[in-house]
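Taken together, the values in this text are just the output of simple stated rules run on the coordinates, not laboratory data. Quantities reported herein were computed from a predicted structural model and do not represent experimental measurements. We place every Cβ from the backbone using ideal geometry, glycine too, and count neighbours over all the protein chains shown.
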């Protein structure tokens, strides 16, 4: 079973906040509740506290439950590159081919890689080497 969590950019600091998604009806704003480990005194055990952050609604994305080749969690809105390793039958060389790059979106009932109008199922398409190379909110245009 995959972990259900979200991320979004904090409206106050601009940094990414990871945790549980909620919507504050009083302020009409999306919020992410992050668990933070704190210790007030050196000899006291650490405890976890919940802190709510208001996030930009355009940046909220859900965790796919998958990680890339380096162990980085893949979220909705990430830009990924999927590669596969192939073997040259004649020479026995192994080479890497990039075969798909796109943004992560939730469509229908699964997370997909969206590239040039085509949606490919993330879990089935990216069965090779997957790398998070950015996200749609911080693209290096």
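If each residue of separation counts as 0.36 nm, what is the full-extension length gain between residue 10 and residue 137 once their alpha-carbon separation is subtracted?
44.5 nm
List 72, 132 from most exposed to least, where exposure is judged by having the fewest other Cβ atoms within 10 Å.
On the way: 72 14, 132 18.
Neighbour counts put them in this order, fewest first: 72, 132.
Compute the Cα gyration tensor for segment 4-71, then decide on rounded, prolate or oblate, letting a ≥ b ≥ c be the square roots of its eigenvalues: rounded whenever a/c is under 1.5, prolate when a/b is larger than b/c in the other cases, and oblate in all that remain. Oblate, because a/c is 1.5 or more while a/b does not exceed b/c.
Test of understanding: ordering 24, 78 by Cβ neighbours within 10 Å, fewest first, what list do you get? Mind showing how you got there, number by number?
Numbers: 24 11, 78 25.
If I rank by nearby Cβ atoms, fewest first, I get 24, 78.
Residues of segment 20-39 with an amide N closer than 15 Å to a point placed 7 Å from the Cα of residue 47 along the Cα-to-Cβ direction: 36-39.
Could you list 131, 110 so that the one with the fewest beta carbons within 10 Å of its beta carbon is first and the one with the most is last? Mind dumping the intermediate values first?
Details: 131 17, 110 14.
With the fewest neighbours first, 131, 110 line up as 110, 131.
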